[in-house]
Amino acid sequence: MSAENHPDSGQTANPQGGAATTLTGALVNESLVKWHIIAALFWFGIALFAGLFYSMQLIKHWPLPLIPVLSPGRIRMIHTNLIAFGFLTNAFFGMLCWTVPRLTGKKIASNFLGYAIFGAWNLIILLTYIGLHMGEAQAVEWGETPVWVDPLVVVGAVLVAIQFYTPIIRTTERAMYVSLWYFSAAFVWLGLTYIMGNFFPQYLVAGNAAGPLLGLYIHDLVGLWVTPMGWGMMYFFVPIIMKRPIWSHALSLVGFWGLAFFYPLQGVHHFLGSPIPMFAQYSAVVSTIAIEIVVTTVIINFFTTWKNGNTSIGNNIALRWFWLGAFNYALTCFQCSLQVTLTFQQVIHFTDWVVGHAHLVMFGVFSFWIFGMIDHLWPKLTGREWYSRALREWHFWLMGMGLAVMFLTLTAAGMIDGFMALNLVPRETILNAMQPFWFVRTFTGVAIIAGFLCQTANMYLTARAGRVTHIDTDYAPYEELEQETTVGTV
Ligand code: HEM
């Protein structure tokens, strides 16, 4: 079925959209996109080595003994914080600089503001990085950013909202494509989530009352920032890569409203079995089951679009990243439906099952989609075709297999740990039983880092030594039409 006449999407033209009167260079500040991607990968590299080092601590081979600023506890926080704020968020800012002007046909509020946000955000990450080494962590999981950096993050979130709401408000498009729905909501959610998680438990509430807030913070950082950015990104790039609209725009909007309604209600599911009142725990379980249905809309939409198209994941590596990410998403959601039951929680709580789950979703879904985006965009940003197809394949397979083995190993370790603990096996015995699993996990980390080196080397070689000029057939044709194209009309 052609892109034009799909009954459900009702879209009249391409999802690339944007007012076609403006040429790429003017509409999109490509240098900002490029710098955000480079910064994202810079922090990603440090985060990966931090993860690898911490995994060595767990197999009793800590490589940096007796240096307080490099102690394992600090390195673990560096790993998680640089992933969330340095890697994912930088990549999302780059993605927004590329997608929002195209979806609205209007430029971002200001290029100067764009560079200011880039500088300020990376300064925040640098201060967080130094602060964590110095032992200045705030006692909030995933909010360990020192308290003196927190106000800067809120200012950063406000600037980001100004930057991207401006084109969204100025657009003359008749309808908002679903990606813009997600982005628009996420700008508000980012600030609110950050304030709730970092200021309330610090200054206003304590003890048992702070517990649900901390659970809500971890959950909402993923659910109300990373998830809407990721879904919006997938809904933008997949139709462009496949040159056909998403299967159902209506279904994607059901996903949006479901996310907005149910996601904020389920933070307490991180604390099932805790002293938090049972009514709150049960309500978190119910809303988690509801979100399962919502998430399914994304999975159905992706796979049906893919199945109805004729873009092969064998040839198209960008689409392959999105495909594997969507597959991992289905797996993650299946896990969630088990994890949210109190019976299952008795086994897996406080075990490596949870760590496996965290890597599957943050790495296997959202990071893989980011790699799909980078694979698609880098030739356009540098004007050169990828330097090496082989390095792109190595990147994919090393990271894909690395994650798969890491996930399976940690999941198995979690089950064994859980059942041993239920049988009152002493903790020391359990820790010894975990050693072979953690050993394998360290090796998977080496594979992932090797994949990262393939990716960054290829990006460098493409930019510096790429010989074949890239001719854009994804965006340029629409921008050369010199007429308005309609996006995502429901
Ligand atoms: C070189 C590859 C990696 C290695 C060796 C590694 C290792 C680790 C280790 C050892 C932990 C601490 C687990 C514990 O406390 O028991 C951890 C936590 C975590 N890592 Fe990684 N990691 C890697 C890559 C990644 C990537 C790419 C992401 C996301 C994009 C990620 C996200 C996380 C998250 C979210 C946690 C917190 C898990 C939790 O508290 O449940 N890691 N990682």
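The values are calculated or read from the model by the stated rules, or taken from the named source; none is laboratory data. All values reported here derive from a predicted model rather than from experimental measurement. Here Cβ is always computed from backbone atoms with ideal geometry, including for glycine, and neighbour counts include all displayed protein chains.
Which one is nearest to the ligand (Cβ to nearest atom) among residues in the stretch 428-442 that are in contact with a helix residue (DSSP H, G or I) (Cβ under 8 Å, 6 or more places away or on another chain), of a type outside the set (Ser, Thr, Tyr) and free of Cβ contacts under 8 Å to residues at least 24 places away in the same chain?
The extreme case among them is 430.
Every residue in the stretch 125-154 that is under 24 Å from residue 31 (Cα atoms) and within 19 Å of the chain's Cα centre (by Cα), please.
Result: 125, 153.
Residue-wise test of (1) in contact with a Leu (Cβ under 7 Å, 6 or more places away or on another chain); (2) of a type in the set (A, V, I, L, M, F, W, C); (3) modelled with pLDDT under 90.
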| residue | (1), (2), (3) |
| --- | --- |
| 163 | yes, no, no |
| 168 | yes, yes, no |
| 174 | no, no, yes |
| 187 | no, yes, no |
| 196 | yes, yes, no |
| 204 | no, yes, no |
| 212 | no, no, yes |
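Is it the case, given these coordinates, that residue 412 is over 30 Å from residue 473 (Cα atoms), away from the ligand (no atom under 14 Å from the Cβ) and not charged (D, E, K, R)?
When the stated conditions are applied, residue 412 passes them.
Checking residue 449 against (1) within 11 Å of the ligand (Cβ to nearest atom); (2) free of Cβ contacts under 8 Å to residues at least 12 places away in the same chain, only one condition comes out false. Which one?
Result: residue 449 passes all but (2).
Scan 161, 120 and give me the residue that is under 24 Å from residue 237 (Cβ atoms) and more than 16 Å from the ligand (Cβ to nearest atom).
It is 161.
Cβ-Cβ distance below 7 Å, separation of 6 or more or different chains: which pairs start in the stretch 52-78 with a residue that is over 14 Å from residue 437 (Cα atoms) and within 15 Å of the ligand (Cβ to nearest atom) and end on one that is among the aromatic types (Phe, Trp, Tyr) and part of a loop (DSSP other than H, G, I, E, B)?
Pairs found: 72/62.
Within the stretch 240-252, is even one residue out of contact with any strand residue (DSSP E or B) (no Cβ under 8 Å at 6 or more places or on another chain), of a type outside the set (Lys, Arg) and surrounded by fewer than 17 Cβ atoms within 10 Å (Cβ to Cβ)?
Checked against the condition, which is being out of contact with any strand residue (DSSP E or B) (no Cβ under 8 Å at 6 or more places or on another chain), of a type outside the set (Lys, Arg) and surrounded by fewer than 17 Cβ atoms within 10 Å (Cβ to Cβ), the stretch 240-252 yields at least one hit.
Applying the selection to the stretch 23-33, what residues are surrounded by 20 or more Cβ atoms within 10 Å (Cβ to Cβ) and in a helix (DSSP H, G or I)?
Scanning the stretch 23-33 gives 27, 32, 33.
Within the stretch 459-473, count every residue that is at pLDDT 90 or above, more than 13 Å from residue 388 (Cβ to Cβ) and surrounded by fewer than 12 Cβ atoms within 10 Å (Cβ to Cβ).
Matching residues across the stretch 459-473 total 2.
Which one of 287, 337, 312, 367 is of a type outside the set (A, V, I, L, M, F, W, C) and within 16 Å of the ligand (Cβ to nearest atom)?
When all the criteria are applied, what remains is 367.
In the stretch 59-83, what residues are surrounded by 19 or more Cβ atoms within 10 Å (Cβ to Cβ) and of a type in the set (A, V, I, L, M)?
Correct list: 75, 77, 78, 82, 83.
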